[in-house]
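Asker: Mind having a look at this structure? Questions to follow.
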């Protein structure tokens, strides 16, 4: 048993922890960024994610994002029980939720509730703090213009990372695309909606009560289409989900083009993190978008 396990248990249980026998840990799948565990303490189960102490800010932003989503929207999120570090490791302790079986009724409920979440708005685009998209920093300083926010805080930020990572061809094509964004976004003035920010199929499930649960957010206020676009990027969402969303809040004209601009952000992030085929995919997406504008 690792020393930091005791630190987490002490934080959760305080004086109730009298012996190690009251605590049980089991490694579980938790993605490629953090180590993840099931912790059972005094008969209560928790989901614990751990990383280096320098990653505490990432967990703090995750906790704030979960609270933002949980306090303002209808979708269920895991409760945050603890955050901490011991100088070597950092951790976040979340509510343990049991998975149920998703069906068409759950998908419809998810679509409706996501549309309601997007109905929560702010007066500008961004968020009160920066966070991460995967393990990449995601800047969220407020801006009044959505088009400028996407160009500077999202695509422009990732394109500059490409330059720093030696992906010069991506950087050059990216500069060309950034100049065309005003044309792509022409006439589109979305409200600053509360977004999950990283809504792929692996960041939601259905609980035992049939309630959709979302987690691992990269929260900010932006165009709701950015969330919808990512649901299409890697799959995992049914036709019923999209129908229920559209019945609650129909999408605006031009989404079929803009969704590729929004998903390019995530492909660029993957190119910067993992390289390989994502570099070619990002280049192809940019070339297609530029060609459509010419």
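Asker: Go through 269, 263 for me and flag whichever is under 26 Å from residue 157 (Cα atoms) and in contact (Cβ under 8 Å) with a residue 40 or more places away in the chain.
Answerer: Matching residue, one of 269, 263: 269.
Asker: Against the definition (in contact (Cβ under 8 Å) with a residue 60 or more places away in the chain, assigned by TED's automatic domain parsing to the domain that holds residue 148 and more than 17 Å from residue 104 (Cα to Cα)), how does residue 213 come out, yes or no?
Answerer: On the way: in contact (Cβ under 8 Å) with a residue 60 or more places away in the chain: yes; assigned by TED's automatic domain parsing to the domain that holds residue 148: yes; more than 17 Å from residue 104 (Cα to Cα): no.
The answer is no for residue 213.
Asker: Across the range 113-159, what is the number of residues that are assigned to a strand (DSSP E or B) and either touching a helix residue (DSSP H, G or I) at 6+ places or on another chain (Cβ under 6 Å) or farther than 26 Å from residue 274 by Cβ (or both)?
Answerer: Qualifying residue count for the region: 8.
Asker: Working only within the range 186-209, note down all residues that are assigned to a loop (DSSP other than H, G, I, E, B) and exposed (fewer than 14 other Cβ atoms within 10 Å of the Cβ).
Answerer: 186, 187, 189, 208, 209
Asker: Just to be sure before I move on: is residue 166 over 16 Å from the mean Cα position of the chain (by Cα), exposed (fewer than 15 other Cβ atoms within 10 Å of the Cβ), on the phi > 0 side of the Ramachandran plot and free of Cβ contacts under 8 Å to residues at least 60 places away in the same chain in the structure I sent?
Answerer: yes
Asker: Kindly provide the set of residues from the range 231-285 that are farther than 25 Å from residue 190 by Cβ and in a helix (DSSP H, G or I), ordered by number.
Answerer: Across the range 231-285, the qualifying residues are 271, 272, 273, 274, 277, 278, 279, 280, 281, 283, 284.
Asker: When you go through (1) out of contact with any strand residue (DSSP E or B) (no Cβ under 9 Å at 6 or more places or on another chain); (2) modelled with pLDDT under 80 one by one for residue 29, which number turns out not to apply?
Answerer: Going through the list (1) out of contact with any strand residue (DSSP E or B) (no Cβ under 9 Å at 6 or more places or on another chain); (2) modelled with pLDDT under 80, residue 29 breaks only (1).
Asker: Now, a different point. Tally up the residues in the range 22-75 that are under 18 Å from the mean Cα position of the chain (by Cα) and over 17 Å from residue 9 (Cα atoms), please.
Answerer: Here the count works out to 27.
Asker: Please verify whether residue 183 is surrounded by 16 or more Cβ atoms within 10 Å (Cβ to Cβ) and either touching a strand residue (DSSP E or B) at 6+ places or on another chain (Cβ under 6 Å) or part of a helix (DSSP H, G or I) (or both), treating the condition exactly as stated.
Answerer: no
Asker: Within the range 18-72, how many residues turn out to be in contact (Cβ under 8 Å) with a residue 60 or more places away in the chain and assigned to a loop (DSSP other than H, G, I, E, B)?
Answerer: Of the residues in that region, 2 qualify.
Asker: Going by what's in this entry, would residue 134 be described as under 30 Å from residue 45 (Cβ atoms), surrounded by fewer than 20 Cβ atoms within 10 Å (Cβ to Cβ) and touching a residue at least 12 places away in the same chain (Cβ under 8 Å)?
Answerer: Yes; evaluated as a whole, the condition is true for this residue.
Asker: Of the conditions (1) part of a helix (DSSP H, G or I); (2) surrounded by fewer than 21 Cβ atoms within 10 Å (Cβ to Cβ), residue 82 satisfies every one except a single condition; which number is it?
Answerer: (1)
Asker: Taking the range 1-16 as the search range and keeping residues that are at pLDDT below 75 and farther than 16 Å from residue 40 by Cβ, which one is farthest from the chain's Cα centre (by Cα)?
Answerer: My answer is 15.
Asker: Condition check: closer than 23 Å to residue 121 by Cα, surrounded by fewer than 21 Cβ atoms within 10 Å (Cβ to Cβ) and without any contact (Cβ under 8 Å) to a residue 60 or more places away in the chain. Does residue 255 satisfy that? Break it down into steps so the answer makes sense when it comes.
Answerer: Numbers: closer than 23 Å to residue 121 by Cα: yes; surrounded by fewer than 21 Cβ atoms within 10 Å (Cβ to Cβ): yes; without any contact (Cβ under 8 Å) to a residue 60 or more places away in the chain: yes.
Judged against the criteria, residue 255 is a match.
Asker: Going by what's in this entry, would residue 107 be described as farther than 23 Å from residue 63 by Cα and surrounded by fewer than 16 Cβ atoms within 10 Å (Cβ to Cβ)?
Answerer: no
The values are calculated or read from the model by the stated rules, or taken from the named source; none is laboratory data. This one's a predicted model, so the numbers in the text were calculated from it and none came from an experiment. Positions of Cβ are generated from backbone atoms using ideal geometry, with glycine treated the same way; all protein chains shown enter the neighbour counts.
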